Amino acid sequence: MSDQLGEILKKTLAAIESGKEEIFFIAETSRNETLRLTNELSQLKSDISEIISQVNSQEKVDRQKRIRLMEVNRAFQRYTQKEMIEAYAEAKDAQVNLQLLQAKEVQLRKRRDELERSLHQMEATIERAQNLMTQVGMAISLIKGEIEGALNSQNHEQRQELGLRVIKAQEDERRRVAREIHDGPAQTLANIVLRLEIAERLLEFDPQRVKAELLDLKNLVRANLQDIRRIIFDLRPMALDDLGLIPAITKYLKNFRENYGIECELRIEGRVKRLLPAVEVALFRLVQEVMTNVAKHAHSPKVSMYLNFQDDWTLARIQDFGKGFEVESAMMTPGEHFGLIGMQERVEMFAGRFSIQSTYGKGTTIEFSIPSRHEGGTNHDSDRHCR
């Protein structure tokens, strides 16, 4: 049974890691497309400004030519037939040119609106993919952190229960990933494939445009190097591995304050100890998710964070002083509040506790606690210090 359980856990871990790579690929593809759309939108806005200027100039020309034609018609005795024909032709040409420019402006504005909608959808896709990567990464860390001790356990029932829980967690994660990919990235990638096919056809008719697209892609690859470094930090901050949870959170709050201008207060109680890597990652990601929600939605001038390291539990309480929201309604609409549901699910994976209290106009308090599994296999290792 032990060999069978070990094989199940290995296959489970391999499947989850493979799923994480797929999500990462989707996120990177979406990020590349977002940068391309951003560049195209910027150029398009410049083109719209230029065409508006041309329309304004052509309106003046059209007005002048129409006035000239009216003068010729009123005093036709003073003008030759050739002059009258020229006046009419010039007025007609000015009108046609104006209509062409106006039609082009309408087309550019329509394309701009389409790009802005696509860009918004792509940004939402990236955010959802990043949330999924965080959850999958946490699941991998949890399995790796617990797998060895569980397989060495002499308790047959515990090994069997762990195997069943791992399989259930794997299937739940697969369903969630499949749902998220189907609703967002899959549809977006289908649109990207269509645009690539159009570019392929343009090779025969407009190679200069395709060349410009390839040049943009080369610039995007260079820009992505910086994004990849940032993604690596977001997935696993080095301070978390080298120094521990509190230095990583302290550094994150410092960057948060600089980026958003929101004051952050951190209060710590209890004796800080190194926890299992999976637990430290989970706590850090939960803090990160709460703070991201504060920056995006709370409109709060200040955030107060309280951490309490107990022998058996590690508790975190994060309070903002922003606009607040209706908690019950938010938790009942997971599609619109994926972050809150994701936080609750992460805590429950560790058999922890999670609660939200919020009041309109006064702010929100999110509290979560996770059993304290320390490095070294004990919750009472009083001699362990932060690395």
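The values are calculated or read from the model by the stated rules, or taken from the named source; none is laboratory data. These numbers come from a predicted model, not from an experiment. Virtual Cβ from ideal backbone geometry, glycine too; neighbours counted across all protein chains shown. Please note that ligands, DNA and RNA were not included when accessible areas were found on the heavy atoms of the full protein model with its side chains. Shrake-Rupley method; radii C 1.70, N 1.55, O 1.52, S 1.80 Å.
Using a Förster radius of 35 Å, what is the FRET efficiency between Gln64 and His120 based on their Cβ-Cβ separation? Nearest 0.05, please.
On the way: r = 43 Å, r/R0 = 1.22.
So, using R0 = 35 Å, E works out to roughly 0.25.
Under a point spin-label approximation (7 Å from Cα along Cα-to-Cβ), what is the Lys11-Ile85 distance to one decimal in nm?
8.8 nm
Sorted by packing (mean other beta-carbon atoms within 10 Å per residue), highest first, where do 240-248, 75-83, 38-46 land? Before the final figure, lay out each step's value.
On the way: 240-248: 17.2, 75-83: 9.7, 38-46: 14.2.
Ranking, from highest mean packing down: 240-248, 38-46, 75-83.
Estimate the FRET efficiency between Tyr360 and Lys104 by the formula 1/(1 + (r/R0)^6), using the beta-carbon distance for r and 45 Å for R0, to the nearest 0.05. The partial results should precede the final answer.
On the way: r = 48 Å, r/R0 = 1.06.
The pair Tyr360/Lys104 has a calculated efficiency of 0.40.
Take peptides 346-352, 92-98, 364-370, 319-325 and line them up by average Cβ neighbours within 10 Å, highest first, as a rough protection proxy. Could you put the intermediate results ahead of the total?
On the way: 346-352: 17.6, 92-98: 15.4, 364-370: 21.3, 319-325: 19.7.
Taking the mean over residues of other Cβ atoms within 10 Å, the ranking is 364-370, 319-325, 346-352, 92-98.
Kindly flag which residue pairs out of Lys251/Lys362; Lys254/Lys302; Lys302/Lys362; Lys296/Lys323; Lys60/Lys82 have an alpha-carbon separation exceeding 18 Å in this structure.
Values: Lys251/Lys362 27 Å; Lys254/Lys302 13 Å; Lys302/Lys362 12 Å; Lys296/Lys323 12 Å; Lys60/Lys82 24 Å.
Going by Cα-Cα distance, Lys251/Lys362; Lys60/Lys82 fall outside the 18 Å limit.
At a 1.4 Å probe radius, carbon and sulfur cover how many percent of the accessible area of the range 245-375?
Reported share for carbon and sulfur atoms: 49 percent.
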